[in-house]
Amino acid sequence: MPATKIVVNIPGETPYDVRIGATVLAGLGASLKKLPALSAAPRLLVLTDANVGPLYLDAAASSLKEAGFRVSHITVPAGEEAKSLAVAGEVWNAMAALSLTRDCAVVALGGGVVGDLAGFVASTYMRGIPFVQVPTTLLAMVDSSVGGKTGVNLEAGKNLVGTFKQPAYVCACISVLDTLDEREWACGCAEIAKASVIDSDEFFFWMMDHAEALRGRDPIAVTEAIARSVVFKANVVAEDKTESRGVRECLNYGHTLGHAVEALAGYGTFSHGAAVAEGMRFAARLGVEVAGTSEELVAAQDELLDALGLPALAWSAPPEEMLAAMKRDKKTRAGAVRFVVPRDIGDWELVSVPDDVILAHLRAWEAGKEAAQ
Ligand SMILES: NC(=O)c1ccc[n+]([C@@H]2O[C@H](COP(=O)([O-])OP(=O)(O)OC[C@H]3O[C@@H](n4cnc5c(N)ncnc54)[C@H](O)[C@@H]3O)[C@@H](O)[C@H]2O)c1
């Protein structure tokens, strides 16, 4: 199967390629050698995590070395905790100890955590050195590796410190997904489903037709789903690079309720994807009242999420607590909770929803859970 190439062209930024395929990791070094910004890099620093390193560091480093690069690596702990200022500090110090100069580059080999952290340290070390994304989770391939948001978490909240920095290249090698567990797989599927609802009829109905294949990890369907999601994300980011024009808000579809579910159930109880899928179900139902969303859309989206292995959660929390959690979210403005709702497939709106309307829907949501038990 030949590799797929997508060029991400964001105004004011150097265009970069996203390569998607089953063997693109083996060609990583050769691809980087062709990039003017990287070809003469005196050293590349591969940043990976404790799960991904033992699986794929050798393959990545071999490819880079074969192309003539000098390679060092740093392994950070696996999981969200690595997205911290403390770990970023350790990485900056390690970079300095390796005498990395501005013409060196960082290669992020891992999921969204490694990608966000690597992008953050690369964009700040010596006021910015290039970085490359080698995403190893489905979520990172379809979402976080493209678009240039980097960051770390503070105790006060997720992603509170960060930068915008586009990668120089993205290498999405779908073979590495073989070792990804079902939970992480479903996380990626939720983001693809989200993209399809926001994007277009064409993408959404393609997803309806290929949900089983995607769930079964059919390589052709997986490649196509990643490519469609990357094109979607790249188009959104091209219109709103720094999240200042309101366009990028659409990427938060499903996240308003999703974040509240994650916070109240306890982080890690449900995967991020499961929470986002629940949030999509809720937002579409809310849309019926506030944006004229059709019941057909609600049903079709339920069907898609079910087919992807993202069933409605058998969990609820008191409506008042859910509302309070939504209000604590950093994306809330002036106390009003805002939802991205699909007016139709491919047509979304950001709506500030009055508390009483949200509470009524949360009560219906909670009652639905009780009835299902
Ligand atoms: N920058 C953005 O635009 C953006 C967008 C969405 C999410 N994010 C961020 O992404 C992060 C979540 O990313 P994620 O879901 O990839 O999580 P993650 O990076 O924590 O990876 C999930 C788990 O899978 C493991 N793993 C990764 N690749 C593997 C592989 N091929 N085989 C086996 N195990 C593997 C990791 O070690 C980890 O334990 C969050 O911090 C979120 O804020 C960023």
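Can you confirm whether segment 164-184 contains a residue that is over 27 Å from Leu55 (Cβ atoms), surrounded by fewer than 24 Cβ atoms within 10 Å (Cβ to Cβ) and either in contact (Cβ under 8 Å) with a residue 12 or more places away in the chain or not assigned by TED's automatic domain parsing to the domain that holds Asn93 (or both)? Yes, the conditions are met somewhere in segment 164-184. Filtered by the rule that a residue be polar (S, T, N, Q), in contact (Cβ under 8 Å) with a residue 40 or more places away in the chain and more than 16 Å from the ligand (Cβ to nearest atom), segment 83-103 gives a lone residue, Thr101.
If you go through segment 175-222 and pick out every residue that is within 16 Å of the ligand (Cβ to nearest atom) and aromatic (Phe, Trp, Tyr), you end up with 1.
Criterion first (aliphatic (A, V, I, L, M), out of contact with any Ser or Thr (no Cβ under 7 Å at 6 or more places or on another chain), within 28 Å of Asp209 (Cα to Cα) and within 13 Å of the ligand (Cβ to nearest atom)) does Val288 satisfy it? Spelling it out, it is not the case that Val288 is aliphatic (A, V, I, L, M), out of contact with any Ser or Thr (no Cβ under 7 Å at 6 or more places or on another chain), within 28 Å of Asp209 (Cα to Cα) and within 13 Å of the ligand (Cβ to nearest atom). Restricting the search to helices (runs of 4 or more DSSP H) fully inside segment 193-282 and requiring at least 1 residues that are buried (at least 16 other Cβ atoms within 10 Å of the Cβ) and modelled with pLDDT under 95 gives 219-239, 255-265. Within segment 104-156, restricting attention to residues that are in a strand (DSSP E or B) and away from the ligand (no atom under 11 Å from the Cβ), the residue that is farthest from the chain's Cα centre (by Cα) is Ala105. Taken over segment 55-103, the criterion of being under 29 Å from Ile174 (Cβ atoms), more than 26 Å from the chain's Cα centre (by Cα) and crowded, with 21+ Cβ neighbours inside 10 Å is satisfied by Phe69 alone. State whether the residues of segment 28-42 include one that is in the same structural domain as Trp92 (by TED's automatic domain parsing) and farther than 24 Å from Arg102 by Cα. No, there is no match, as no residue in segment 28-42 is in the same structural domain as Trp92 (by TED's automatic domain parsing) and farther than 24 Å from Arg102 by Cα.
The values are calculated or read from the model by the stated rules, or taken from the named source; none is laboratory data. Note that this is a predicted model, so its numbers are computed, not measured. Positions of Cβ are backbone-derived with ideal geometry, glycine not excepted, and every protein chain shown enters the neighbour counts.
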